[in-house]
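*Asks:* Encoded as structure tokens, here's the structure I'll be asking about.
Read the figures in this text as sums done on the coordinates, not as results from a lab. Computed from a predicted model, the values in this text were never measured in an experiment. Because the Cβ atoms are built from the backbone with ideal geometry, glycine has one as well, and the counts that use them run over all protein chains shown.
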């Protein structure tokens with residue numbers, strides 16, 4: 001696993017949270033699909049999958065504080081700005097279209113998924129910028 005020590009810690013934390021997310025989401029979906037929970041327990045179980053997803057955002061913030069390489073922080077900052085711009089733009093467009101009954105309702109947890117996709121796009125943009133800078137040199 002290449003990268004700075006902060007990147008290795010970031011990757012490890014993301015992997016752990018991803019495993020926790022899968023371990024929580026699957027049984028929660030199973031319980032709800034079979035109508036086995038209700039009342040306060042249902043609310044508690046309903047928010048459980050959101051906790052590791054929220055943790056992803058915390059891990060990104062931790063990465064910014066731990067990363068000592070300014071250039072690596074710049075790359076991650078660009079990635080997160082691109083992801084945020086994409087997610088907020090798509091959410092805004094979708095929200096207006098939904099308001100005018102032109103598209104179906106989209107669940108709120110779809111927007112972090114769009115954001116994570118934007119994070120990937122930001123990574124591709126970073127790589128393209130680095131390649132073009134290398135070609136210019």
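*Asks:* With a cut-off of 8 Å between alpha carbons and a minimum separation of six or more residues, what is the relative contact order of the chain in percent? Walk me through the numbers before you get to the answer.
*Replies:* Working: 78 pairs, mean separation 34.6, N = 137.
Relative contact order for the chain comes out at 25 percent.
*Asks:* Residue separation times 0.36 nm, minus the C-alpha to C-alpha distance between residue 26 and residue 107: what's the value?
*Replies:* Details: separation 81, 0.36 × 81 = 29.16 nm, distance 1.80 nm.
Gain on stretching residue 26 to residue 107: 27.4 nm.
*Asks:* Still on this structure, please answer the following. Please report, in whole Å³, the volume per residue of the convex hull around the C-alpha atoms of the range 69-137. Walk me through the numbers before you get to the answer.
*Replies:* Numbers: hull volume 5.9 nm³, N = 69.
About 86 Å³ per residue, rounded to a whole number.
*Asks:* Rank by packing, highest mean first: peptides 123-133, 74-84, with packing defined as the count of other Cβ atoms within 10 Å averaged across residues.
*Replies:* Values: 123-133: 12.0, 74-84: 16.9.
Descending mean neighbour count gives 74-84, 123-133.
*Asks:* Sort largest first and round to whole Å: the equivalent ellipsoid semi-axes of the chain, each the square root of five times a Cα gyration tensor eigenvalue.
*Replies:* Numbers: eigenvalues 218, 101, 24 Å².
The equivalent ellipsoid of the chain has semi-axes of 33, 22, 11 Å.
*Asks:* On to the next question. How much space per residue, in cubic angstrom, does the convex hull of the C-alpha atoms of the range 1-68 take up? Before the final figure, lay out the partial values.
*Replies:* On the way: hull volume 4.6 nm³, N = 68.
Expressed per residue, the convex hull around the Cα atoms of the range 1-68 is 67 Å³.
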